[in-house]
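The block underneath contains the structure these notes are about, expressed in structure tokens.
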Amino acid sequence: QVQLVESGGGLVQAGGSLILSCVASGSIFSRSAMDWYRQAPGKRRELVAHITSGGATNYADSVKGRFTISRDNAKNTVYLQMNGLKFEATAVYYCSAVDGSTWRTYWGQGTQVTVSS
């Protein structure tokens, strides 16, 4: 069974930085594409950053140049470095894994990020 556990959320002032982490249990991590999504109150969940099993990345236009996704396969962990945080980044951030073998998607429980203006 695969479980994803996010951490690192919190309250930060606008312009500040946070690093989110997502640890995956199970044996699928190295073959999985990993994503960070966010959902603000009253809004749809949106994709923030994506990293393939091979390490290729892409980002939502709204975070390009400020957010960085990375992964450590030895630690079964994916990270989201967030710099220059804006008020509109306030949301629950979710980690997801897409198993490259079964194409099944797994979700974490989310971690709250609040940016004060």
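The values are calculated or read from the model by the stated rules, or taken from the named source; none is laboratory data. Note that this is a predicted model, so its numbers are computed, not measured. Ideal geometry is used to build each Cβ from the backbone, glycine not excepted, and the neighbour counts take in all protein chains shown. With ligands, DNA and RNA removed, areas are computed over all heavy atoms of the protein, side chains included. Shrake-Rupley method; radii C 1.70, N 1.55, O 1.52, S 1.80 Å.
Some notes on this structure:
- The one condition from (1) part of a loop (DSSP other than H, G, I, E, B); (2) open to solvent by less than 60 Å² (accessible area, probe 1.4 Å) that Met34 does not meet is (1).
- Any pair with Cβ under 8 angstrom, 6 or more apart, that starts in region 11-37 at a residue that is more than 12 Å from Phe67 (Cα to Cα) and ends at one that is open to solvent by 10 Å² or more (accessible area, probe 1.4 Å) and part of a helix (DSSP H, G or I): Ala14/Phe87; Val23/Lys75; Phe29/Asn73; Ser30/Asn73
- Of residues in region 39-82 being of a type in the set (D, E, K, R) and part of a strand (DSSP E or B), the one farthest from the chain's Cα centre (by Cα): Asp72
- Yes/no for Ser101 being assigned to a helix (DSSP H, G or I) and loosely packed, with under 14 Cβ neighbours inside 10 Å: no
- Considering Thr90, Thr68, Thr102, the condition of being at pLDDT below 95 and farther than 13 Å from Gly8 by Cβ is satisfied by Thr102 alone.
- Residue that is least open to solvent (accessible area, probe 1.4 Å) [pool: residues in region 9-31 that are in a strand (DSSP E or B) and in contact with a Phe, Trp or Tyr (Cβ under 7 Å, 6 or more places away or on another chain)]: Leu20
- Residue match in region 77-99 (condition: in contact with a Cys (Cβ under 9 Å, 6 or more places away or on another chain) and more than 30 Å from Ser117 (Cβ to Cβ)): yes
- Of the residues making up region 83-98, those that are over 13 Å from Ala33 (Cα atoms) and assigned to a strand (DSSP E or B) are Ala91, Val92, Tyr93, Tyr94.
- In region 65-78, the residues that are at positive phi form Cβ pairs under 6 Å with partners that are open to solvent by less than 40 Å² (accessible area, probe 1.4 Å), at six or more places apart or across chains, as follows: Asn76/Ala24; Asn76/Phe29.
- Residue list for region 1-32, restricted to those being under 14 Å from the mean Cα position of the chain (by Cα) and among the charged types (D, E, K, R): Glu6
- Of the residues making up region 41-56, those that are closer than 23 Å to Thr90 by Cβ and open to solvent by 20 Å² or more (accessible area, probe 1.4 Å) number 8.
- Taking the criterion of being open to solvent by 40 Å² or more (accessible area, probe 1.4 Å) and of a type in the set (Gly, Ala, Ser), the residues of region 60-98 that qualify are Ser62, Gly65, Ser70, Ala74.
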